[in-house]
There are 2 protein chains.
Amino acid sequence: MTTIAIGLYDRFTSLDALGPYQVLSSIPGATTVLCAAEAGTVSDENDLLHLRVDHAFADVSEPDVVVIPGGFATRRLAEERHPIVQWVADVHPRTQWTTSVCTGALVLAAAGLLDGLPATTHWMAYDSLVGYGAHPTEQRVVRAGKIITAAGVSAGIDMALTLTAELVGSEIAQGIQLAIEYDPQPPFDSGSPSKADPAVLEMIRAFSEQADASA
Amino acid sequence: MTTIAIGLYDRFTSLDALGPYQVLSSIPGATTVLCAAEAGTVSDENDLLHLRVDHAFADVSEPDVVVIPGGFATRRLAEERHPIVQWVADVHPRTQWTTSVCTGALVLAAAGLLDGLPATTHWMAYDSLVGYGAHPTEQRVVRAGKIITAAGVSAGIDMALTLTAELVGSEIAQGIQLAIEYDPQPPFDSGSPSKADPAVLEMIRAFSEQADASA
C-alpha cells in the first residue's frame, strides 16, 4: 500500500495542498494522509479554512510520497527550521517521490534537498530558491530525480497528475483527470507573468510584497 | 461587504468547494463563509478531509453569493430534501449570484431553481438534471440570469474566476488568476468525455456507477 503524506502547517495555501489531494486521494490502492507537526487543527493563510489533522509528523515516518504545499509563511518556516523542514529531511531518503507545490519548494530547499538541482516555485519566489543553491526553472512541473516541484498554487493539480502517472500509470492518471473533468478553460489568459497584462502583474507584485512583509 | 457563502454537507467533493474557495477568498472586500446544516465537523467523500465549520445555515441567511459543491451524495440530498436544499431555496431570492459546481447543480435543481433553464453539471449527471426540468448544456460554465452552474469538480475554478469578474471586474479576476498561477498545463488531454480514450471513459463510468450505487 502506497502512503501519500501531505505535510501541513498553519497558514498554508489551501489549493496548494487540496488540488493534489483531490487527485492523489483518488488513486486506487494508495492511502492519503494529512499530517502536521502535531495532531489538531491546522488553518490556512486566510484563517478561514480549518482542517482537523489526525496525524503528527512523528506518526508518518515512512511515507512513500511526500507533498509539501506553499504559503506566505514558507520563507519563515524555512529560516526558522519549523518541524516540517526536519520531517522532510528525515523521510526523504526513503521516499519514492518527494514533491512540493508553490513555495513549498522552500521547505524542500531548507531541508537541503534542492542544492544544485533545477526546481520551480511560485513565480514571485524564484530568488528565494537561489539562496538555497537551487536553479529556478520557469516550468510548471520540474523533475530532478525523485524530486518534483510545481509552480504556483494551481500547478499542484498538474503535478499530481504527473505523479499519478508515475505511481500507477497514465491510464489511471487520465481516468482521474476525466473524473475531475479537468479540461481547464479559464475565462482569461492571465495565469503567468509573461501572459498577464502589465497593470495586473504590477497589482499582484505589490499585493504579494505586502503579504510577504507581514508573513 | 459582499458575503460569499459556500454551503457544505458530509461527503462533498473537496475540490468542488475548495477550488472556488481559493479564488473567491482572495477577492478584496468580500468575506467568504463556510457553512453547513450545523456548525461542527464536515467531512469530504473520502472521509479523509475534515473541516471545522463555524457557521450553520441559519446564521447565514442573506448571503450575496452562494456556492454549492457536488459529490456522490447529492442525488440523495436532493431526493431527501437535505437542509441544504431548503437553505438554497430560502436565500436564493435575495442573492446576487447563486452558483454550483459539479453535481451541486442537483441541489439547486431540487430547490426549484433550474426548472426550464440551461445548466451544467458533471458529465455523468446530465440525466439527473433532466428530471428537474433543467436543460443540460455541455459547457464548462453556464449562466442563466443570476444562476451560474459549472461542470465537474475542477470547473469550479473557471466558474469562480468568471464570478469574480462579475463581482469586482476582470482586472481583479485576472490578478487572482496570476496569483494562483492558473496557467493550466495538464500532462494529458483527457479531461472531458469527448477527449478521453474510450477505455479510460469506460473505466470511469464503471467506477462512478459503483460509487453512485453505494452513495
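Only residues that are among the small types (Gly, Ala, Ser) and either more than 9 Å from chain A (Cβ to nearest Cβ) or without any contact (Cβ under 8 Å) to a residue 12 or more places away in the chain (or both): list them for segment B:199-215, please. Before the answer, list the steps.
If we filter segment B:199-215 for residues that are among the small types (Gly, Ala, Ser), which is where we start, we get B:199, B:206, B:208, B:211, B:213-215.
The answer is B:Ala199, B:Ala206, B:Ala211, B:Ala213, B:Ser214, B:Ala215.
Among the candidates A:Gly152, A:Gly175, single out the residue that is facing chain B (nearest Cβ under 7 Å), closer than 30 Å to B:Leu163 by Cα, assigned to a helix (DSSP H, G or I) and in contact with a helix residue (DSSP H, G or I) (Cβ under 8 Å, 6 or more places away or on another chain).
Testing whether each residue is facing chain B (nearest Cβ under 7 Å), closer than 30 Å to B:Leu163 by Cα, assigned to a helix (DSSP H, G or I) and in contact with a helix residue (DSSP H, G or I) (Cβ under 8 Å, 6 or more places away or on another chain) leaves just A:Gly175.
Determine whether A:Ile204 is β-branched (Val, Ile, Thr) and closer than 30 Å to B:Leu163 by Cβ. Give the derivation first.
On the way: β-branched (Val, Ile, Thr): yes; closer than 30 Å to B:Leu163 by Cβ: yes.
Spelling it out, A:Ile204 is indeed β-branched (Val, Ile, Thr) and closer than 30 Å to B:Leu163 by Cβ.
Considering only segment B:85-94, I want to know if a residue exists there that is touching a Pro at 6+ places or on another chain (Cβ under 9 Å) and closer than 15 Å to B:Gly70 by Cβ. Give the steps one after another, and end with the answer.
Kept after step one, since they are touching a Pro at 6+ places or on another chain (Cβ under 9 Å), are these residues of segment B:85-94: B:91, B:94.
Adding the requirement that they be closer than 15 Å to B:Gly70 by Cβ leaves none.
Taking every residue of segment B:85-94 in turn, none turns out to be touching a Pro at 6+ places or on another chain (Cβ under 9 Å) and closer than 15 Å to B:Gly70 by Cβ.
With the structure loaded, tell me whether B:Val67 is under 19 Å from B:Lys146 (Cα atoms), out of contact with any Cys (no Cβ under 9 Å at 6 or more places or on another chain), buried (at least 20 other Cβ atoms within 10 Å of the Cβ) and more than 14 Å from chain A (Cβ to nearest Cβ) or whether it fails that test. Before you say what the answer is, go through the steps one by one.
Numbers: under 19 Å from B:Lys146 (Cα atoms): yes; out of contact with any Cys (no Cβ under 9 Å at 6 or more places or on another chain): yes; buried (at least 20 other Cβ atoms within 10 Å of the Cβ): yes; more than 14 Å from chain A (Cβ to nearest Cβ): no.
Criteria not met by B:Val67.
For segment B:99-112, which positions are touching a residue at least 24 places away in the same chain (Cβ under 8 Å) and surrounded by fewer than 24 Cβ atoms within 10 Å (Cβ to Cβ)? Don't jump to the end; show me each part of the working.
Step one: list which residues in segment B:99-112 are touching a residue at least 24 places away in the same chain (Cβ under 8 Å), which gives B:99-111.
Within segment B:99-112, B:Ala111 is the sole residue that qualifies.
If you go through segment B:191-212 one residue at a time, do you hit one that is at pLDDT 95 or above and within 30 Å of A:Glu209 (Cα to Cα)?
The answer is no; no qualifying residue exists.
Would you be able to tell me the number of residues in segment B:178-198 that are more than 7 Å from every other protein chain (Cβ to nearest Cβ) and part of a helix (DSSP H, G or I)?
Residues flagged as more than 7 Å from every other protein chain (Cβ to nearest Cβ) and part of a helix (DSSP H, G or I) within segment B:178-198 amount to 1.
If we scan segment B:140-156, do we find a residue that is of a type in the set (D, E, K, R), in contact with a strand residue (DSSP E or B) (Cβ under 6 Å, 6 or more places away or on another chain) and in contact (Cβ under 8 Å) with a residue 12 or more places away in the chain?
Initial filter on segment B:140-156 (of a type in the set (D, E, K, R)): B:140, B:143, B:146.
Next cut, in contact with a strand residue (DSSP E or B) (Cβ under 6 Å, 6 or more places away or on another chain) only: B:146.
With in contact (Cβ under 8 Å) with a residue 12 or more places away in the chain added as a condition, the list becomes B:146.
Yes, there is a match, as at least one residue in segment B:140-156 is of a type in the set (D, E, K, R), in contact with a strand residue (DSSP E or B) (Cβ under 6 Å, 6 or more places away or on another chain) and in contact (Cβ under 8 Å) with a residue 12 or more places away in the chain.
Assess whether B:Arg81 counts as being at pLDDT below 95 and basic (Lys, Arg). Write out each step before concluding.
Numbers: at pLDDT below 95: yes; basic (Lys, Arg): yes.
It is true that B:Arg81 is at pLDDT below 95 and basic (Lys, Arg).
Does A:Ala125 satisfy the criteria of being within 14 Å of chain B (Cβ to nearest Cβ) and on the phi < 0 side of the Ramachandran plot? Quick ask: steps written out before the conclusion?
Numbers: within 14 Å of chain B (Cβ to nearest Cβ): yes; on the phi < 0 side of the Ramachandran plot: yes.
Spelling it out, A:Ala125 is indeed within 14 Å of chain B (Cβ to nearest Cβ) and on the phi < 0 side of the Ramachandran plot.
Among the strands (runs of 3 or more DSSP E) lying completely within segment A:7-86, list those that include at least 1 residues that are farther than 30 Å from B:Ile204 by Cα and touching a Lys or Arg at 6+ places or on another chain (Cβ under 7 Å). Working first, answer last.
Working: elements: A:30-36, A:40-43, A:50-53, A:65-68.
So the answer is A:40-43, A:50-53.
Output the residue which, of all residues in segment A:1-59 that are touching a residue at least 60 places away in the same chain (Cβ under 8 Å) and among the acidic types (Asp, Glu), is farthest from B:Tyr21 (Cα to Cα).
Among those residues, the one meeting the criterion is A:Asp10.
Taking B:Thr121, is it among the hydroxyl-bearing types (Ser, Thr, Tyr) and in contact (Cβ under 8 Å) with a residue 40 or more places away in the chain? Before the answer, list the steps.
Numbers: among the hydroxyl-bearing types (Ser, Thr, Tyr): yes; in contact (Cβ under 8 Å) with a residue 40 or more places away in the chain: yes.
Taking the combined requirement at face value, the residue satisfies it.
Criterion first (within 9 Å of chain A (Cβ to nearest Cβ), crowded, with 19+ Cβ neighbours inside 10 Å, in contact with a helix residue (DSSP H, G or I) (Cβ under 9 Å, 6 or more places away or on another chain) and under 26 Å from B:Ile172 (Cβ atoms)) does B:Val60 satisfy it?
no
The values are calculated or read from the model by the stated rules, or taken from the named source; none is laboratory data. Here the structure is a predicted model, which is why all the values come from computation and not from measurement. Counting neighbours? That spans all protein chains shown, and the Cβs are built from the backbone with ideal geometry, glycine included.
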